[in-house]
1. Failed condition for S318, given (1) closer than 27 Å to L138 by Cα; (2) touching a strand residue (DSSP E or B) at 6+ places or on another chain (Cβ under 6 Å); (3) of a type in the set (G, A, S), with all others met?
2. Taking segment 323-375 only, how many residues are within 21 Å of F287 (Cα to Cα), hydrophobic (A, V, I, L, M, F, W, C) and free of Cβ contacts under 8 Å to residues at least 24 places away in the same chain?
3. Would you mention how many residues in segment 313-345 are touching a helix residue (DSSP H, G or I) at 6+ places or on another chain (Cβ under 7 Å) and either closer than 14 Å to G238 by Cβ or of a type in the set (D, E, K, R) (or both)?
4. Would you confirm whether any residue within segment 223-235 is in contact with a Lys or Arg (Cβ under 9 Å, 6 or more places away or on another chain) and assigned to a loop (DSSP other than H, G, I, E, B)?
5. Looking at S130 and the list (1) surrounded by fewer than 16 Cβ atoms within 10 Å (Cβ to Cβ); (2) under 18 Å from the mean Cα position of the chain (by Cα); (3) farther than 14 Å from A254 by Cβ, which single condition is not satisfied?
6. Would you tally the residues in segment 1-28 being open to solvent by less than 40 Å² (accessible area, probe 1.4 Å) and part of a helix (DSSP H, G or I)?
7. With the condition kept exactly as written, say whether any residue in segment 265-273 is within 18 Å of the chain's Cα centre (by Cα), within 30 Å of G223 (Cβ to Cβ) and not aromatic (F, W, Y).
8. Looking at segment 237-253, which of the residues that are assigned to a loop (DSSP other than H, G, I, E, B) and buried (at least 22 other Cβ atoms within 10 Å of the Cβ) is modelled with the lowest pLDDT?
Amino acid sequence: MAEKRDYYEVLGVSRDASAEDIKKAYRKMALKYHPDRNPGDAAAEEKFKEAAEAYDVLSNPDKKARYDQFGHAGMSGAAGGAGGYEGFGGFSMEDIFSRFGDIFGGSFGGGFGGFGSSSGRGGARVQKGSNIRIRVKLSLSEIVNGVTKTVKIKKAVKCPQCGGRGAESEADIHVCETCHGTGMVTRIVQSFMGRMQTSSPCPACGGEGKVIAKPCSRCHGAGVIEDTEEVSFKIPAGVVSGMQLTVHGKGNAARGNGVNGDLLVLIEEEEDGELQRDGNDLIYTLFVSMPDLVLGTSAEIPSADGKVRIRIEPGTQSGTFLRVRGKGVPDINGYGRGDLLVYIQVWTPKKVDREEKEMFEKMKASGNFDPKPTKKDRNFFDRMKKMFS
């Protein structure tokens with residue numbers, strides 16, 4: 001698969017471009033590569049879809065902010081093709097026309113007015129199903145490694161009896177006589193400013209451009225029924241709580257064989273019992289006995305990939321951080337992986353017997369156990385304090 005181009009590069013705008021500049025740039029690109037102007041040109045069609053995908057992200061403040069922070073990996077396309085990820089890869093040309101046709105405002109007549117002719121619907125309004133939002137809880141291991149989730153969702157689906165058309169047969173579907181299949185009616189209104197022309201959805205067919213003589217007995221003409229569907233989607237490694245992924249076309253089905261809505265997946269990160277996440281780093285607190293800190297030891301500690309063994313050198317101070325490189329969380333943009341930071345804490349016994357007490361009194365009397373931090377020790381702990389403050 002070819003690497004995705006930067007969305008700003010696709011539209012030819014800078015990263016500080018205004019919403020109006022982005023809209024103008026998309027309009028220019030869409031006109032240049034529109035199928036009506038490039039019949040049979042597969043390369044032009046791909047560029048047309050690419051521009052629509054870029055505009056879909058950059059015209060939406062939430063998507064744009066996520067893209068600016070995480071790049072392509074932070075968008076739904078980062079998950080690959082599962083369940084409709086990959087931008088507009090799973091969308092037809094009609095889907096794009098129905099979403100962004102208002103950009104053109106009908107100023108190009110039949111050929112470009114709301115993309116009417118290209119959709120093959122004579123200007124009839126294409127309905128879009130509503131989106132469905134779900135929350136998915138992920139363990140630390142799932143976040144580190146990425147995961148494919150399968151969920152059961154109660155949703156509107158295309159009626160299996162009529163195939164979504166809403167009628168018993170194709171012969172029962174007729175062109176609306178009021179709007180002649182356009183889905184819109186035009187009226188001339190006389191006002192103090194003179195004669196004005198207004199357009200609105202056809203009241204006879206609801207803007208669909210067609211009427212049904214014999215509705216489907218199962219969906220009663222709606223074209224959709226309520227059912228439960230299993231949906232699988234891939235979640236990339238490195239996601240964070242609050243991130244929202246979009247699975248295109250897996251929301252509610254639309255009436256009249258329209259465009260399906262989307263499934264919006266909100267990420268929630270479950271708290272791990274041993275490891276604490278700090279960005280792409282993981283932190284583990286290891287309690288060590290005083291003799292082990294004095295003499296040195298080794299310890300087996302948990303990581304997101306299983307157990308790892310570390311060496312604690314003699315004379316290690318309580319409060320020290322030991323770094324195990326590459327054992328943290330993968331960066332969602334693919335820029336490597338964080339580290340595992342092991343926070344060393346001395347374990348002080350709450351009770352000691354007489355023999356142990358005498359031993360500690362001798363240690364105290366020797367003077368060798370009096371704190372004598374060096375400048376290097378002080379600088380190190382100052383840096384640690386600033387890092388986690």
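1. Among (1) closer than 27 Å to L138 by Cα; (2) touching a strand residue (DSSP E or B) at 6+ places or on another chain (Cβ under 6 Å); (3) of a type in the set (G, A, S), S318 violates only (1).
2. 4
3. Total satisfying the criteria: 5.
4. Among the residues of segment 223-235, at least one is in contact with a Lys or Arg (Cβ under 9 Å, 6 or more places away or on another chain) and assigned to a loop (DSSP other than H, G, I, E, B), which makes the answer yes.
5. (3)
6. Of the residues in that region, 7 qualify.
7. yes
8. As a first pass, look at segment 237-253 and keep what is assigned to a loop (DSSP other than H, G, I, E, B): 237-243, 248-253.
With buried (at least 22 other Cβ atoms within 10 Å of the Cβ) added as a condition, the list becomes 238-239, 248, 250-251, 253.
Working: G238: 93, V239: 94, H248: 88, K250: 93, G251: 94, A253: 93.
Taking the candidates together, the pick is H248.
The values are calculated or read from the model by the stated rules, or taken from the named source; none is laboratory data. Keep in mind it's a predicted model, so treat the numbers as computed, not measured. Cβ: placed from backbone, ideal geometry, glycine included. Neighbour counts: every protein chain shown. Ligands, DNA and RNA are excluded from the accessible area calculation, which covers all protein heavy atoms including side chains. Shrake-Rupley method; radii C 1.70, N 1.55, O 1.52, S 1.80 Å.
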